[in-house]
Amino acid sequence: MTVKMVTPYGEDTLDSLNHRCRTCDLCGLSETRTQVVVGSGVVPSPLMLIGEGPGEQEDETGVPFVGKAGQLLTKILESAGIQRETDCFITNIVKCRPPKNRAPQVDEIVACSGYLWRQVELVQPRIMVLLGSVALKSVLGHEVAISKVRGQWQFLDVGYMSERLYVMPMFHPSYLLRNQSREPGSPKWLTWKDIQEVKIALDFYKQQ
């Protein structure tokens, strides 16, 4: 499918985009945040992961996915031999914590969308992982439940390369924390299978 990447920040470098995000007041989240959580990892990178929004610990540290859900995400990545510090770039749909960790509202997602798409252009991923339903809907526009499409490759046409971008929807780690079972067919079990598919695609790309 084709999703038009719309960003008014097409001239921004990584540094200038980070500065723009950290001084942003385009939506009400700027009034309650402690820190803007722009993203972390390698730029450019063949693998990009996108979550929903920062939580309490992320808001305090300015680093994405450092709380319990982030620690679980690190374990998921490492189970497939993926190191978050050297093998990927991680960010969120919105860069500021929604109060009480509620889901981002439409106006907040729209306010941050230009930042997100410029990040995609700068990171230039070959593989993108969408963590949870908010990321799925925001990036692909899918209204279906994450449980219906997780583990199934989606594809995007992007402007920075001729090949299509491989997109893998997966359960958000916070959902997995509420579903602890590792029995075959459980959300955790499925997620471990999904990340193995991501690693296979990543290794294939690196061999090209």
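Note on segment 149-193: residues that are exposed (fewer than 11 other Cβ atoms within 10 Å of the Cβ) and of a type in the set (A, V, I, L, M, F, W, C) total 0.
Take the conditions (1) loosely packed, with under 15 Cβ neighbours inside 10 Å; (2) free of Cβ contacts under 8 Å to residues at least 40 places away in the same chain; Gln196 misses just one of them, which is (2). Scan segment 166-193 for residues that are touching a residue at least 60 places away in the same chain (Cβ under 8 Å), of a type outside the set (Ser, Thr, Tyr) and within 20 Å of Trp153 (Cβ to Cβ) and jot them down. Of everything in segment 166-193, those that are touching a residue at least 60 places away in the same chain (Cβ under 8 Å), of a type outside the set (Ser, Thr, Tyr) and within 20 Å of Trp153 (Cβ to Cβ) turn out to be His172, Trp192. I'd like the full set of residues that are hydroxyl-bearing (Ser, Thr, Tyr) and either in a strand (DSSP E or B) or under 13 Å from Ile146 (Cβ atoms) (or both), limited to segment 179-192. Thr191 - this is the single residue of segment 179-192 that is hydroxyl-bearing (Ser, Thr, Tyr) and either in a strand (DSSP E or B) or under 13 Å from Ile146 (Cβ atoms) (or both).
Within segment 8-30, residues that are under 18 Å from Val123 (Cα atoms) have Cβ atoms under 9 Å from residues that are small (Gly, Ala, Ser) in these pairs: Pro8/Gly114; Tyr9/Ser16; Tyr9/Gly114; Asn18/Gly39; Cys21/Gly39, counting only partners at least 6 apart in sequence or on another chain. Pairs meeting the criteria (first residue in segment 122-150 and at negative phi and touching a residue at least 40 places away in the same chain (Cβ under 8 Å), second residue crowded, with 22+ Cβ neighbours inside 10 Å and among the acidic types (Asp, Glu), beta carbons under 9 Å, at least 6 apart or on different chains) are Leu131/Glu52; Val134/Glu52; Ala135/Glu52; Ser138/Glu52. With respect to (1) small (Gly, Ala, Ser); (2) surrounded by fewer than 23 Cβ atoms within 10 Å (Cβ to Cβ); (3) modelled with pLDDT of 95 or more, the lone exception for Ala135 is condition (2).
With respect to the conditions (1) surrounded by 15 or more Cβ atoms within 10 Å (Cβ to Cβ); (2) part of a loop (DSSP other than H, G, I, E, B), Thr34 falls short on a single one, namely (1). Do we find a residue being in contact with a His (Cβ under 8 Å, 6 or more places away or on another chain), more than 22 Å from Met161 (Cα to Cα) and in contact (Cβ under 8 Å) with a residue 60 or more places away in the chain anywhere in segment 64-85? Yes: one or more hits.
The values are calculated or read from the model by the stated rules, or taken from the named source; none is laboratory data. Note that the coordinates shown come from a computational prediction; the quantities given were computed from them, not determined experimentally. All Cβ positions, even for glycine, are placed from backbone atoms using ideal geometry, and neighbour counts span all protein chains on display.
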